[in-house]
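K.L.:
Next up is a structure, given as structure tokens.
The values are calculated or read from the model by the stated rules, or taken from the named source; none is laboratory data. What you see is a predicted model; the values in this text were computed from it and never measured. Cβ sites come from the backbone with ideal geometry, for glycine too, and all protein chains shown count toward neighbours. Each accessible area value is taken on the protein alone, full model and side chains, heavy atoms only, with ligands, DNA and RNA left out. Shrake-Rupley method; radii C 1.70, N 1.55, O 1.52, S 1.80 Å.
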Amino acid sequence: MTSALLFAFVPTFFFVSITPGMCMTLALSLGMSIGYRRTLWMMFGELIGVAVVAMAAVLGMASVMLNYPWLFTVFKTLGAAYLGYIGVQMWRSKGKLALNQNVETPIVRKDWDLIVQGFVTAIANPKGWAFMIALLPPFINSQAPIAPQLFWLISIIMISEFVCMTIYATGGKGLKHALGHTNNVRLMNRISGTLMLAVAVWLLLG
């Protein structure tokens, strides 16, 4: 990859990352319900998922998913069901990601749940796959070693995704404070749950 292509890729991917999407909506929802620090675990899982998708697109593994669409549909449906279940539980204020109505701290005991949630959202996002397959190949120089190019592309992608998710997650935290304290906790849970359900529907129908 030439320096010109590298510098062109940075603003291109940042512009795409900052636009509202499934992962950004999830970051906003969790930032509002459990705060930025806890949302970092979801962001960690999402970054791993995005890196896997990017590597698969560059190395040609995505063709397997295209040749077996039923397998992708099954995985996508399971991912949507998982996110939908979390959204319903938050709406009912009973889930692990729901805020406690007696205190201002969220009831989240397992960081692993957040990591899996972010990973599933990134991996099962059909638009993410389509974008990586369409965008990354033009920035790859077939005459040069693939490994260094892949390293720089994925590094830029992960940094861009992290910055954009931070913007969304901290916005959610600010919205949480704007809504108030314990008297409006149920409302915050339901707003977060609704956003989570929206991500699930988006994933299912996307």
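K.L.:
I'd like the residue in the range 88-107 that is part of a helix (DSSP H, G or I) and modelled with pLDDT under 80 and, out of all such residues, is farthest from Val53 (Cα to Cα). Before you say what the answer is, go through the steps one by one.
P.N.:
Step one: filter the range 88-107 for residues part of a helix (DSSP H, G or I), giving 88-91.
In the following step, the residues that additionally are modelled with pLDDT under 80 were identified as 89-91.
Working: Gln89: 29, Met90: 29, Trp91: 31 Å.
The extreme case among them is Trp91.
K.L.:
Then there's this: For the range 15-33, how many residues are within 16 Å of Ile115 (Cβ to Cβ) and open to solvent by 10 Å² or more (accessible area, probe 1.4 Å)?
P.N.:
Within the range 15-33, residues that are within 16 Å of Ile115 (Cβ to Cβ) and open to solvent by 10 Å² or more (accessible area, probe 1.4 Å) number 1.
K.L.:
Here's something else I'd like to know. Going residue by residue through the range 160-167, is there one that turns out to be modelled with pLDDT of 70 or more and within 16 Å of Leu6 (Cα to Cα)?
P.N.:
For the range 160-167, residues modelled with pLDDT of 70 or more and within 16 Å of Leu6 (Cα to Cα): present.
K.L.:
Counting only residues that are under 30 Å from Leu205 (Cα atoms) and modelled with pLDDT under 80, which one in the range 108-128 is surrounded by the most Cβ atoms within 10 Å (Cβ to Cβ)?
P.N.:
Across the range 108-128, the extreme among qualifying residues is Asn125.
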